[in-house]
1. Quick one: length gained pulling S150 to D269 fully straight, 0.36 nm per residue minus the C-alpha distance?
2. Using a Debye calculation, one point per C-alpha and no hydration shell, please list log10 I(q)/I(0) for the chain at q = 0.07, 0.09, 0.11, 0.13 Å⁻¹ in order.
3. Taking K and R as +1 and D and E as -1, what net charge do the other residues with C-beta under 10 Å from the C-beta of S23 add up to?
4. Lysines within cross-link reach of K246: Cα-Cα under 26 Å, excluding same-chain residues under 8 positions apart?
5. By count of other Cβ within 10 Å, fewest leading, how are H114, H85 ordered?
6. How high is the FRET efficiency from N98 to S13, r the C-beta distance, R0 35 Å, rounded to 0.05?
7. Sticking to Cα atoms, compute the Rg of the range 2-95 to one decimal and its Dmax as the biggest Cα-Cα distance, whole number, in Å.
8. Cβ under 13 Å from A168's Cβ, A168 left aside: what net charge do those residues give with Lys, Arg +1 and Asp, Glu -1?
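Any read-out appearing in this document is the output of simple, stated calculations on the displayed coordinates, not a laboratory observation. Since this is a predicted model, take the numbers as computed values, not measurements. Positions of Cβ are backbone-derived with ideal geometry, glycine not excepted, and every protein chain shown enters the neighbour counts.
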Amino acid sequence: MTPVLETRGLCMSFGAQKLAALSDVSIALHEGRCLALVGESGSGKSTCAKLLTRMLRPTEGTIHFGGEDVTVLRGRSDLRTYRSHVQMVFQDPFAALNPAHSVQHHLERPLALHKPNLSRAERTEAASALLRQVELDPATTLRKFPHELSGGQRQRVNLARALAVDPAVIIADEPTSMLDMSIRLSVLDMFAPLKRERRIAMLYITHDIATARYVAEETAVLYGGRIVEMGPTDRLIDDPRHPYTKLLLEAVPEIGRPFGSTRLSVEADRVRAISRGAGDLREVAPGHFVREIATN
Ligand SMILES: Nc1ncnc2c1ncn2[C@@H]1O[C@H](COP(=O)(O)OP(=O)(O)OP(=O)(O)O)[C@@H](O)[C@H]1O
Ligand SMILES: [Mg+2]
């Protein structure tokens, strides 16, 4: 099956010193499926998202969307069209919404651009349908402003807004990490019907590998800008092969404080040190890739 969105050998370096934030990343997103991109802070997850949405241009490698090379898309209107197909949901649900505008405005604006033939009434009905899809009640939610919503509700509105333009791809960058633990899973639970019914290809970015199981058929573990292990999520979680993946599984990290205890942190430093190299990605089982560790 041809991937909806595919990267080959993606590299990104920043600044005069050309610090590599991402090296040789090859991933594929498929219709109706979700890939989890997992890694601790600074591993390059958001850089990858920005390349995929072409907010940044890669220093090396290619990005193909629907078979078309979008690596060096330039024109404003080409980029705008591309980004309507590849929508982004951000970590901070509040920052992404304009405090001066109602939920209705947030949803009807993209609808007006994407489906200009809708009448006003049809547009409001479409906005209501989007809210129902993310399990919010349109009767009470349409008129509300961002500050009148809970964090979880705001993130649902962000998702509804992303859906308004019928995207082929949704990239969700830590969509639940700023939400209460108690509601995270209910927000992640909304991904399944989007894959099933809308056939959307998804990239779920998280520092918490344990949540990948809920949403993603496949998982790629990123460390120091490189994929160290990639494959079916169940396999990675039940039978991790790379020491860094094992480390992530042992210590499901808190934001900003990846590995809490000192016992773990000594071991964690050792694992990090050996996980930095550019060994080959080797296929250890069908679709399960592990980066080899350089021995000297
Ligand atoms: N615009 C930029 N200029 C210079 N360096 C950058 C820039 N954006 C990211 N970086 C660097 O690239 C690396 C990866 O950053 P990135 O934001 O992709 O990490 P992340 O995995 O999303 O981390 P977090 O979990 O904290 O969001 C970091 O070392 C970061 O400092
Ligand atoms: Mg990030």
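1. 39.0 nm
2. -0.27, -0.45, -0.67, -0.92
3. Combined, the nearby Lys, Arg, Asp and Glu give -1.
4. Partners found: K45.
5. H114, H85
6. According to the calculation, E is roughly 0.55.
7. Looking at the range 2-95, its Cα Rg and Dmax stand at 13.3, 40 Å.
8. Taking every Cβ under 13 Å from that of A168, the sum is +1.
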